[in-house]
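So the structure is just underneath, and the comments pick up after that.
The values are calculated or read from the model by the stated rules, or taken from the named source; none is laboratory data. Just so it is clear, the model here is predicted, and its values are computed rather than measured. Ideal geometry is used to build each Cβ from the backbone, glycine not excepted, and the neighbour counts take in all protein chains shown. Side chains included, ligands, DNA and RNA excluded: accessible areas come from the protein's heavy atoms. Shrake-Rupley method; radii C 1.70, N 1.55, O 1.52, S 1.80 Å.
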Amino acid sequence: MMQSPSQSGTFVRAEPLLMARGVSKHFGKTRALVDASLTLRPGEVTGLLGANGAGKSTLSRIVSGHIQPTGGALEFDGGPLALSSTRDALRQGIALVAQETSLAPDLSVLENIFLPNLATPGRLSFRNMRARATDLLAGLGHEHVLPLDAEVRTLSAAQRQLVEIAKALALDARLVIFDEPTASLSTTEVDGLFDIMDRLRESGRALAFVSHRLEEVFAITDRVTILREGQVVAEDVATSSLTQGDIIQHMVGRDIGAIYSERNVAPDAVGDTVFEVRGLKAAPWVRDMSFSVRAGEILGLGGLVGAGRSEAMEAIWGLRTKQAGEVLVKGQPVSLRKPADAVRAGIGFVAEDRRAQNIVPDLSVRENLLLAQMGQHRSFWRGYGRRAEKVAALVAELGLPADRLDTSLLNYSGGMQQKIIIARWLLTEPDILILDEPTKGVDIGTRSSIYRILQRAADAGLAVIVISSDFEELLGLAERIVVVSDGVTIADLPAARLTEEKLTLLAAPRSSTQRNQLLLQDITQAHGGDAFWTLLDGDETICLAQAGQALSGLQPGQAAVAQQTSIPQAIRARAAAFVVEVDGRASLLTQMTDRRGHDLGWIGLTLPAGIPVPDPAEIRTRIQNLAQTEDAHV
């Protein structure tokens, strides 16, 4: 944290860079902000928190010049601040990474990153821009995900969010507001962003961070300001003085209990496989994906941005051309050429981009709720009348105001919009419900509500597939997790055997783990035997990669306990020297950790009986040198 030495030799906090006092904003009769305050200091990250509709985005947009306040005053760098446009804010050095991206779809990634520069006088050097953009994306860990020459319209919502972040970083602003920047990022990607935010903080910039993920708030912020219903309920409070329970109570005004309620699923409560995908290919994003889900089961589909999860669902749903693969519903192959085919086959799909893919803005809440009914019926009559009773029950269960069903859906917060979209598909009474990033951009109270809805639906026999880059969400919600990397199914494991760290390493793009795989090949070429990269947790192991002879009994993507492998003694001992098994084969396991102390798994070498073992110290040195390099892992 940036501090200034005082005359007494102690340290005091820096003077505020921005102060907002008594800020109000009215949209017609709706009061979005009432007497709100915000203080941002150089060298600090301030969390701006609140439930959906609390006014966080409104306050952020006022500070960044997107909208003008109804009342109140802003000060920046010791003087009054009056912004009539976003360009005014950019000139002052204030940038916003918006929750809903504001990119030019027909321009390339490179042009969008430097979009504010395109209107400035003088000639631009595209060579310099390309070099700077490459550095920015490399810092985010996404240079392999975002091709600079690709048109933004071809990118997924998550990739567009990354372009928005890079655009803000390219401005070299003195104050940066991050409005839900991690909504589409996995644990590793969030770590990369936080590394950048740390550097921005250390360089003396003031940062505001809007997030619904409380674990992120505690990981990156120094102080927090919390809004509820447009009013500040906790201002400029040290994060270290608060607990998660304190923040939740401030945000929602009550204790909502555990975010994830444990679901005890009896073995006989899960039925037969109702949905199966075999060998799906939809170039270029989906290369070979296979998975299945049973009635009454919640399956998690995890992976990093660009892994091909969303594209696979679009191909299944009939929105994207597929070149190969088979889809089975209740054991029977089905041909899903368009979304209506999928609806009639009993499949519901909540797409990732709420605004672009799920909402019809000109229709009311009631009409949006009943929209999917049109795909179920070929006749003129849509059967709306038969759904009236279920609509009423769902409205009550979701906490929707029954007297406002004929108003525009856009009048509701993002969290309420998402619950209405999920309710739309529940009304169709599907056999399979697929949800792509179902809690993206919603507050913690709404997240908890959505999780309970999905758990109750699964308890009633629905097969649920949740696609998420939030590994904590997958572990808290799913019974089984299928991991996808570079368009290929990597592993299919019970959630109870996984952690966020294990998921992160399993989901790592094969391109970014190539050094580790080359190391395995080099070891086997030098010494023979079986080289492998595995995760170890007690007696449990999950193999990430393997090269050479199959001597260890470990196979990539599969979990096993020590006794199920051919090297149980070595797995249990994890000794500094080779461990000899009963049958004479010898194994050495060496742990890899990065510079921040994160466990990167274990590199092992198993040699057949009777083969002289090499020097363990030489192998360990080689492995640790690889682990400590900047790009040894994602």
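Checked against the criteria, residue 263 counts as at pLDDT below 85 and surrounded by 12 or more Cβ atoms within 10 Å (Cβ to Cβ). Elements of the type helices (runs of 4 or more DSSP H) sitting completely within the range 272-377 and holding at least 2 residues that are in contact with an Asp or Glu (Cβ under 6 Å, 6 or more places away or on another chain), open to solvent by 70 Å² or more (accessible area, probe 1.4 Å) and closer than 27 Å to residue 492 by Cβ: there are none.
Within the range 217-228, is even one residue of a type in the set (S, T, N, Q) and modelled with pLDDT of 85 or more?
Initial filter on the range 217-228 (of a type in the set (S, T, N, Q)): 221, 225.
Filter once more, so that each one left must be modelled with pLDDT of 85 or more: 221, 225.
Checked against the condition, which is being of a type in the set (S, T, N, Q) and modelled with pLDDT of 85 or more, the range 217-228 yields at least one hit.
Give 22, 72, 9, 65 a once-over and let me know the one that is more than 26 Å from the chain's Cα centre (by Cα), at pLDDT 90 or above and in a loop (DSSP other than H, G, I, E, B).
Details: 22 fails: in a loop (DSSP other than H, G, I, E, B); 72 fails: in a loop (DSSP other than H, G, I, E, B); 9 fails: at pLDDT 90 or above.
Checking each option against the conditions leaves just 65.
Take the conditions open to solvent by less than 40 Å² (accessible area, probe 1.4 Å), modelled with pLDDT of 90 or more, under 37 Å from the mean Cα position of the chain (by Cα) and aromatic (Phe, Trp, Tyr) and apply them to residue 578. Does it pass? Against the criterion (open to solvent by less than 40 Å² (accessible area, probe 1.4 Å), modelled with pLDDT of 90 or more, under 37 Å from the mean Cα position of the chain (by Cα) and aromatic (Phe, Trp, Tyr)), residue 578 does not qualify.
Listed by first and then second residue, the pairs with beta-carbon distance under 9 Å, at least 6 apart or on different chains, first residue in the range 416-431 and within 25 Å of residue 51 (Cα to Cα), second surrounded by fewer than 22 Cβ atoms within 10 Å (Cβ to Cβ) and of a type in the set (Lys, Arg), are 417/354; 417/355; 418/354; 421/354; 426/390.
For the range 501-516, give me each residue that is surrounded by fewer than 16 Cβ atoms within 10 Å (Cβ to Cβ) and either within 20 Å of the chain's Cα centre (by Cα) or polar (S, T, N, Q) (or both).
The first filter runs over the range 501-516 and keeps only residues surrounded by fewer than 16 Cβ atoms within 10 Å (Cβ to Cβ), leaving 510-511, 514-515.
Of everything in the range 501-516, those that are surrounded by fewer than 16 Cβ atoms within 10 Å (Cβ to Cβ) and either within 20 Å of the chain's Cα centre (by Cα) or polar (S, T, N, Q) (or both) turn out to be 510, 511, 514.
Considering only the range 590-623, state which residues are part of a helix (DSSP H, G or I), open to solvent by 60 Å² or more (accessible area, probe 1.4 Å) and in contact with a Leu (Cβ under 9 Å, 6 or more places away or on another chain). Once the filter is applied, which keeps residues that are part of a helix (DSSP H, G or I), open to solvent by 60 Å² or more (accessible area, probe 1.4 Å) and in contact with a Leu (Cβ under 9 Å, 6 or more places away or on another chain), the range 590-623 yields 620, 622. Residue pairs whose Cβ atoms lie under 7 Å apart, separated by 6 or more positions or on different chains, with the first residue in the range 227-245 and open to solvent by less than 70 Å² (accessible area, probe 1.4 Å) and the second in a strand (DSSP E or B) and charged (D, E, K, R), are 230/31; 236/223; 237/223; 238/223; 239/223. The set of residues in the range 424-440 that are outside any loop (DSSP other than H, G, I, E, B) and open to solvent by less than 10 Å² (accessible area, probe 1.4 Å) comprises 432, 433, 434, 435, 436. Scanning the range 530-575 for residues that are open to solvent by less than 20 Å² (accessible area, probe 1.4 Å), among the β-branched types (Val, Ile, Thr) and in a strand (DSSP E or B) returns 534, 541, 542.
The set of residues in the range 11-41 being farther than 19 Å from residue 230 by Cβ, aliphatic (A, V, I, L, M) and open to solvent by less than 40 Å² (accessible area, probe 1.4 Å) consists of 14, 17, 18, 40.
Listed here are the residues, each with its yes/no results for (1) within 27 Å of residue 278 (Cα to Cα); (2) not hydroxyl-bearing (Ser, Thr, Tyr).
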position	(1), (2)
484	yes, yes
505	yes, yes
513	yes, no
516	no, yes
528	no, yes
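Number of residues in the range 457-475 that are assigned to a helix (DSSP H, G or I) and either at pLDDT below 90 or touching a Gly at 6+ places or on another chain (Cβ under 6 Å) (or both): the value is 5. The single residue among 344, 309 that is within 25 Å of residue 273 (Cα to Cα) and out of contact with any strand residue (DSSP E or B) (no Cβ under 6 Å at 6 or more places or on another chain) turns out to be 344. Note on the range 189-221: among residues that are in contact with a Phe, Trp or Tyr (Cβ under 9 Å, 6 or more places away or on another chain) and assigned to a helix (DSSP H, G or I), the one that is surrounded by the fewest Cβ atoms within 10 Å (Cβ to Cβ) is 219. Residue count for the range 555-589 satisfying the condition of being of a type in the set (S, T, N, Q), out of contact with any Leu (no Cβ under 8 Å at 6 or more places or on another chain) and within 22 Å of residue 610 (Cα to Cα): 1.
The residue list 538, 553, 528, 610 contains one member that is on the phi > 0 side of the Ramachandran plot, free of Cβ contacts under 8 Å to residues at least 60 places away in the same chain, in contact with a Gly (Cβ under 8 Å, 6 or more places away or on another chain) and among the small types (Gly, Ala, Ser), which is 610.
Considering only the range 483-492, I want to know if a residue exists there that is within 19 Å of the chain's Cα centre (by Cα), acidic (Asp, Glu) and open to solvent by 40 Å² or more (accessible area, probe 1.4 Å). Yes: one or more hits.
For residue 150, the conditions (1) at pLDDT 85 or above; (2) open to solvent by 30 Å² or more (accessible area, probe 1.4 Å) are fulfilled apart from (2).
Across the range 522-566, what is the number of residues that are small (Gly, Ala, Ser) and touching a Phe, Trp or Tyr at 6+ places or on another chain (Cβ under 6 Å)? Summing the residues that are small (Gly, Ala, Ser) and touching a Phe, Trp or Tyr at 6+ places or on another chain (Cβ under 6 Å) in the range 522-566 gives 2.
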